[in-house]
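Report on the structure given below.
Bear in mind these aren't lab numbers, they're just calculated from the coordinates by the rules spelled out. This structure is a prediction, so every number in the text was calculated from the model and none was measured. Cβ atoms come from the backbone with ideal geometry, glycine included; neighbour counts cover every protein chain shown.
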Amino acid sequence: MYFLNNIEIIYLDAKNFVFSGNGDQILQITSIQSLLQFVTFSEISDNNSLIQLNPLEKARIDKSRFDNISLSGGSIINFLQGELIITNSNFTNVNSTAYPCALNVIEGDFIQIKNCQFINLSNNMQQKNSQNQLLHFQGGAIKLQNTNITKIQQSLFKNCISQGPAGAIYSFQSKQQAIFEIFMTQFIENQSILDSGGAIYFLQQCGINITQSYFSSNHALKSQGGAIYFESSSLIAFQNSNFSLNQADIGGSVYYSITNQEFFKEQILQKNQIYFEKNKATFYGQNIGSIPFWIGISKKPSADKLKIVQQYKVQNISSGNYLDQPLYLNFIDEEGNPFNFIESPSLNSLRKEFSLQLYFQNNSQIIIQQGVNAQLNQSIGLFQLNFQSIYKVSQNQKIYIISNQIQQDKQLYLALELQYRDCIKGETIQEKENFIQCNQCVQGRYSLKIPDMQKDINSIQCISCPDSAKFCQGSQIILKDGYWRENNSSDQIYQCILNSCSSDNPSSKNGCIEGFVGPLCNSCDSKASVWKYQYGLKGQNCYVCSEWIEQYLYFSIYFALYFLYIAYSHHSMIKSKIIMYKLIIFKKIDLFITSKSSSQGKDFSLWFKIFINYLQILSCAMSFNITVPNFLNVSLNLFGDPLQLTVTSFDCLFKMSDKYPVWLNRIVTQVVSMVAIYFLINLSLILISIKQHKDLKKSFAQIPNIAKMTFIFIYLFYQPSLSKMLIQGVFCTQIGSDYYLISDYSQQCYTHYHNLYTFTITIPLITIWCFLIPLKIFFNLKSFQKLDDHHNPKGQRIENLLAYGVLYDGYKNKFLYWEIFKIFHKFILMSIINLNINQQTQVSLILLTIIFYYYILQKAQPHKNIKQFQTEKRLIFKLLYTFALLQLIISDNSKLSIYKMIGLIFIIYINITTIKLAIFIFVGYIYIQIDEADSCSNKFKKFLFQIKNKYPKLLNFLNFRRTKIIRIHQLWKKVIISFRQNIFTSKNFQSNKNYTLHQQSENSRIHHPITQKNQKSVSYLNSSNKLFSSNTLGENIRQNQLIPESLKLIQMSNFHVIPSQDSPNNIQIYNEGNKNASKSLFKAFSTPQNDQRFFGRKFWLGSAYPESYFWYIFRFKYQKYVVQKLILLDLYFSNLKLLIELNYIKLLITLQNFIIIFTFVKYDLKNLFLFII
């Protein structure tokens, strides 16, 4: 076969050709040498290659241009063998199907491309084979196969695209020795769409030399090697080159596989001046990618926390259980970066090839029961390894983590050193075939015991989850809202008093919601030690102290209400006692005809004490955390425990600390508020006294008595409430392992400051308030049982009645101290409810104390009024029923709350009926008087009376009384007749008196022994008569001197008195009525019934009115005038009660010594001024 020696084609210009023939090339040159120079091909479309070169030796293309060419079955140049040199040529805007656009070298000895440009070349064909597999055709610009020497110099490859590998140059070399040189060449914006090598793809290429080249913005987005891909290739030189903005899934700039990696080490790259800038890989290998180099491990689910180690220690492993926290693993590339399993969805198949698992076949002392394979957690992009294992013999074991086969039977290894711990709480110990297993308590059961690895094998049992917890497992107990425990090591669960406990609330701290701290979350953060701000307790919630203006207003309202209530009640009681005392005086002198109960039972002070005592004892039930409506709780504490309503009002007044705790602040502020009420009440009473007397000196003289009266009233009202508060400042309760103050659970007991304040403040206050004051009052009351110099009980003195009457009024003289007994009884109750014992025992002790009080009450019967006695018994029964039901509620351990609800309803009903009882008692003493006057008010009273007669049950609490003026006049007439029938001279009276006394003593000695009482009465009679005959009496009156004490004792009797000698007009009446005087007098003194009638009425006049009042003593000669004035008074008063309440005339008449004593004030009645002078 003969070949041409040399073929030269120069200045060939081919344009606008469309070839659709059988696939022959435009130029097919076969020669020994060939040259194409100044050749231009543009606007050509062909089904085959344009030029096919088959030189035996050498072919050259120079200064040629190929532009806007579309090929569907070949390349522009198809080179078969020999040498090929392309210089100073441009290949632009070429599209090819299934072949590289510019050059396809089948085989060649020497290929040189110098100073050429390859721009906008695209190999975009995809085909499928018979197995329906997608075929990718290599090389967007050039494809080289089996070339001995390849040199690409000073050229430009820009925007060359291939659907398959190699966006610009694809090189495959099967020869052992070859050279591929890239020198001073730029690869810009080239792309392999579906495969690797955005610019260059080397497959089995040897002798690669890349020098002084530039790779920028090349992409292999779905595969490896954004700029260059090396597979089974070798580098001989790699230097002075730059890689920037290249991108791929793996190896943003360079990817190599089974390629000498010495040139890619960081130190060599820096030495050879290989620079990488802003390259990116979505999977791994930001700049250089290859196989994984290491396995990174961490206990935290973060790629930044991965550690590259040869051996990793895992401690505190529970045998038979999973790890406390899983291990997180990942592959690490040669640049030290973890693989990104999150942002590489295009590498699903490749990603699935990576795996990690445990290898323990070389260790017979350990068994992996579960979790051998690590699981890929795609959400965090890490492998997660959590295994369950058991061991025997030694607690230190060693296993490995291995990877999948990476390359030619190569795997990555990471040694794990396992250290097994002893079984802990929440686990039980089981042993089988010498393998130790710590079994965690399953869900619904728990264990808090720490096992002994030697003694507790197969012996510990898990405990069922308590009702107060909503989840249990192992040693974990998650409590329901409303429950609290000291710490996670305790299963002693407490029910919270306030709605402040929540374990699941994300904002809670130590199981307490915002603002609450301490055991049971029962205190507010007054020290700002846990939460950011200082909090104070308001109701059952904690509020920031800056929001406490409403609380101060709340306290001010309660303070004003208590002040008004106590002041009004105290002032009313004083007025009531004065009026009642006047009524007693009028009754003693037979001026008013009243019932026996007129002086007892109508003063409401005893009723007040009975109901307040009931409420104070009932308030103890609120200490047992029973749920009642808030308005009932407030109503009960309003009188039963008044300090409870305002105890937290000043929690934000100061910044609390250990030196000044909140419990001490509460005691101080409440004591100060009580003292303020005390002084305000005293001030109000002094102002009232000044207004009434208009005499500053007299008003100021009454200050000690007013202060004493006010103190007794306030002490009786606040005594149990303050006692309870003080006791709570001393008593401690155990919560968990520590003791805390009952009044403030945030205060730990027996600390330095707690002991200091307890012994310097709290205990002294308890001693004074709870013991010394009641003992002092007790001895005073005991002294009131004694008789004074005039043999009258000291308790009947007006100054004692006003000061201490609120304590003993309504009690028999023998039991004047009964209120002190009740005070100590309530002190015992307040102590019981604060004892550190269970609630059932507390209620039992309360029941015993109430039963004991009821027994003493029934036996002593201290009340004067039987109705008051019966009422107190009824209230004690209500308390017994209440606490008995409370005992049942507390003892009920059933899960059904319906029974507790029924018990609470009964408790509320039992005590609500007390309101009805109080209404009937207090309203029942208000009588509606109906007289004969024709007035609108009287007509309305009669209308109500008719309604009650028609509907008795509707107004059964109203009592009507008809009063007739003629009846009142008849009562006064009896007084006048008594005056007229008792007119005697003083001489005859004196002789008759002596004779009567002699006859009486003789008769009594014979028939009846004279009682001590009668003997005293006789002596009083004699002394008063002597006083009457004394001439000093009138002198004392004229000189405004004080009345002698003996004058103030006046014996009241109904025997015929003797008129004075200064009354001659009455001698005749005396002579007519004195014929049988001796006999009647002797009979009167001798009869025991008359003894009682004669001598049984005596009263202490001095205690009724102060000595500063002006006393008038009249002889019989003024009697007629007085009687006339009394008749005149009768015309203006329609009922006796009105006369008492008006408090205008203070009248005293004695029928014994013809003495009429009057004290009066100016009285204005229908413009009539009446002076009894």
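At a glance:
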{"item": "For the range 347-383 versus the range 474-538, the gap between their alpha-carbon centres in whole angstrom", "result": "42 Å"}
{"item": "Counted charge near ILE735, where neighbours are those whose Cβ lies closer than 13 Å (Asp, Glu -1; Lys, Arg +1)", "result": "-2"}
{"item": "Lys pairs, the range 294-421 - Cα-Cα below 22 angstrom, 8 or more residues apart or on other chains", "result": "12"}
{"item": "Estimated D of the range 302-440 in µm² per second, where Rh is the Kirkwood radius over Cα pairs and Stokes-Einstein applies at 10 °C, 1.306 mPa s", "result": "98 µm²/s"}
{"item": "The range 209-240 and the range 149-174: distance between their alpha carbon centers, rounded to Å", "result": "11 Å"}
{"item": "Calculated P(r) of the range 22-289 - Cα pairs past 26 Å, %", "result": "35 percent"}
{"item": "Selection of chymotrypsin sites (Phe, Trp or Tyr not before Pro), the range 732-826, meeting DSSP coil and at most 12 other Cβ within 10 Å", "result": "TYR750"}
{"item": "Estimated FRET transfer efficiency when R0 is 22 angstrom, pair THR914-TYR568 (beta carbons, to 0.05)", "result": "0.45"}
{"item": "Charge sum, other residues only, whose C-beta stays under 12 Å from VAL105's C-beta, Lys/Arg counted +1 and Asp/Glu -1", "result": "-2"}
{"item": "Estimated FRET transfer efficiency when R0 is 41 angstrom, pair SER935-LEU561 (beta carbons, to 0.05)", "result": "0.65"}
{"item": "Derived scalar couplings ³J(HN,Hα) [the range 433-450; Karplus, 6.51 cos²θ - 1.76 cosθ + 1.60; whole Hz; x for Gly, Pro]", "result": "6, 6, 8, 8, 9, 9, 8, 6, 4, 6, 4, x, 9, 8, 8, 10, 7, 8"}
{"item": "Rounded to 5, percent antiparallel among DSSP beta bridges of the range 233-326", "result": "20 percent"}
{"item": "Environment charge at GLY426 (Cβ cut-off 14 Å; Lys +1, Arg +1, Asp -1, Glu -1)", "result": "-1"}
{"item": "Neighbour-limited loop hits for chymotrypsin sites (Phe, Trp or Tyr not before Pro), the range 503-564 (at most 15 other Cβ within 10 Å; DSSP other than H, G, I, E, B)", "result": "TYR533"}
{"item": "Residue order, fewest to most surrounding Cβ atoms within 10 angstrom, among THR92, THR882", "result": "THR92, THR882"}
{"item": "Along principal axes, Cα extents of the range 145-234, largest first, whole Å", "result": "32, 25, 16"}
{"item": "For LEU722, LEU12, order by how many other beta-carbon atoms lie within 10 Å, fewest first", "result": "LEU12, LEU722"}
{"item": "Trypsin sites (Lys or Arg not before Pro) restricted to DSSP loop in the range 134-232 with at most 13 other C-beta within 10 Å", "result": "LYS175"}
